[in-house]
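Down below is the structure, laid out as structure tokens.
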Amino acid sequence: MSVSKAWDMAHVRFRAPDLSVMDRFLNAFGMVEAGRSATALYKRGHGTQPFAHVTELGDPAFAGFGIQLNSVDELEKLAAHENAQVEMSNEPGGGYVVRLTDPDGFAVDALAGQTMADILSMPRGQEWNQDGRYSRLNDPKRPEKGPSHVLRLGHVVLGVSDFRRSEAWYKDRFGFITSDEIQPQPGIAIGAFMRCDRGDRPCDHHSLFLLERPAPCFMHAAFEVANLDDLMVGHDHLVAQGYDHLWGVGRHYLGSQIFDYWRDPYGHEVEHWTDGDQLVAADGGGIGTIPELMGVQWGMEMPPLPEEVGRG
Ligand SMILES: [Fe+2]
């Protein structure tokens, strides 16, 4: 039994020297303001996360991420296990936070008791005419041009120095379940896509992906958007705004998402995705190969970036 159970990712935290530059990018990426101070910018999606992205003034860096727990009770158990304090959060949504540091030094905030945000207006999901079934009748598709509509932070991907050590750290504390373990050769694991344990309630194929790398590094943070049309319209918008496109559009094997990867103005990789696999706890896990990790079912092949090994 783990000390607590993660319900979802909560937010990612970066540092940047100019909050207005990050703000412009995040607006074009499809996020909206959740709050700001003289030294921090909070952005949210259109779903219930009170904030999904925070930028603090400073030299460009990844500064950690947040995991939402099921209850304050579980947060207190986690704090007792870690001999850490339960603090009141003064960030959007409030609630309580326990600040941890993972084996590679990444800052991990465990959160509970936040006041969730009101859902903001999203594009209307329309039917698809497919497989000889015509359910979209007299209902033209006219997705509005402009940014995608980010719904929520979906997953975080970290390069870790010792996969088994980090896997145990996160599983012991947050109850993550392996959906696909990455094995270049049978029995040799270098990473895993892990999901939350929500029992019978479905959740994303992965909320956290850990991949062993020569040195610990932030790899990417991935934000769910409303739907495929919303992702494609947002792609065109980011291109028109001159932002740095990395990889996509395509469909992954492991998790099956339709993906589109970008770099923010300070070089951090962020992903738009939609239509990922949903699993319950009893669905268990499998093995993923390197070709499955790096390949696509359709769409743009992964660009040759020698320093990168998979994105997930
Ligand atoms: Fe991803």
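Rule-based calculations on the coordinates, nothing more; no lab input. Every value quoted in this text rests on a predicted model; they were computed, and no experiment measured them. Cβ placement follows ideal geometry from the backbone for every residue including glycine, while neighbour counts extend to all protein chains displayed.
Once you have all Cα-Cα distances for segment 19-98, histogram them in 10 Å bins from zero and send the whole-percent values.
Histogram of Cα-Cα distances, whole percents per bin: 16, 44, 29, 11, 0.
For SER135, SER71, SER207, which order do you get if you count the other beta carbons within 10 Å of each Cβ and list the fewest first?
Working: SER135 10, SER71 13, SER207 25.
If I rank by nearby Cβ atoms, fewest first, I get SER135, SER71, SER207.
May I ask you to list the lysines whose Cα is less than 25 Å away from that of LYS145, ignoring any residue fewer than eight positions away on the same chain?
Answer for LYS145, where 25 Å is the Cα cut-off: LYS43, listed by chain and number.
Using a cut-off of 14 Å between beta-carbons, work out the net charge of the residues near MET1 (Lys and Arg +1, Asp and Glu -1, MET1 not included).
Working: positive: LYS5, LYS77, LYS171, ARG173; negative: GLU74, ASP172, ASP197.
Charge balance near MET1 sits at +1.
Semi-axes of the equivalent ellipsoid of segment 196-280: what are they in whole Å, largest first, if each equals the square root of 5 times a C-alpha gyration tensor eigenvalue? Don't jump to the answer; show the numbers that get you there.
Details: eigenvalues 111, 70, 19 Å².
Whole-Å semi-axes of the equivalent ellipsoid: 24, 19, 10.
Mind listing the Cα extents of the chain along all three principal axes, in Å, largest one first?
59, 51, 40
With charges only on Cβ, +1 for K and R and -1 for D and E, what is the dipole size of segment 154-312 about its Cα centre, in debye, rounded to 20? Provide the component values of the computation, followed by the final result.
Numbers: 11 positive and 25 negative charges, 99 e Å.
Dipole about the Cα centre, nearest 20: 480 debye.
If you average 1/r over every pair of different alpha-carbon atoms in segment 140-203 and take one over that average, what Kirkwood value in Å do you get?
Here the Kirkwood hydrodynamic radius works out to 14.7 Å.
For TYR96, TYR134, which order do you get if you count the other beta carbons within 10 Å of each Cβ and list the fewest first? Display every interim value, and only then the final one.
On the way: TYR96 19, TYR134 10.
Ranked by crowding around the Cβ, least crowded first: TYR134, TYR96.
If each Cα of segment 8-147 is one equal point scatterer, what is log10 of I(q)/I(0) from the Debye formula at q = 0.17, 0.19, 0.21 Å⁻¹?
-0.95, -1.10, -1.26
May I ask for the net charge around VAL270, where only other residues with Cβ less than 9 Å from the Cβ of VAL270 are counted and Lys, Arg are +1 while Asp, Glu are -1?
Residues close to VAL270 contribute a combined charge of -2.
Tell me the net charge near ASP244. Cut-off is 11 Å between Cβ atoms, ASP244 excluded, with +1 for each Lys or Arg and -1 for each Asp or Glu.
Working: positive: ARG263; negative: ASP264, GLU269.
It works out to a net charge of -1.
What ranking do VAL108, VAL54 get, fewest neighbouring Cβ atoms within 10 angstrom at the top? Kindly include the intermediate steps, with their values, before the conclusion.
Details: VAL108 19, VAL54 25.
Taking fewest neighbouring Cβ atoms as first place, the list is VAL108, VAL54.
If you count the DSSP beta bridges with both ends in the chain, what percent of them are antiparallel, to the nearest 5?
Percent antiparallel among DSSP bridges in the chain is about 75.
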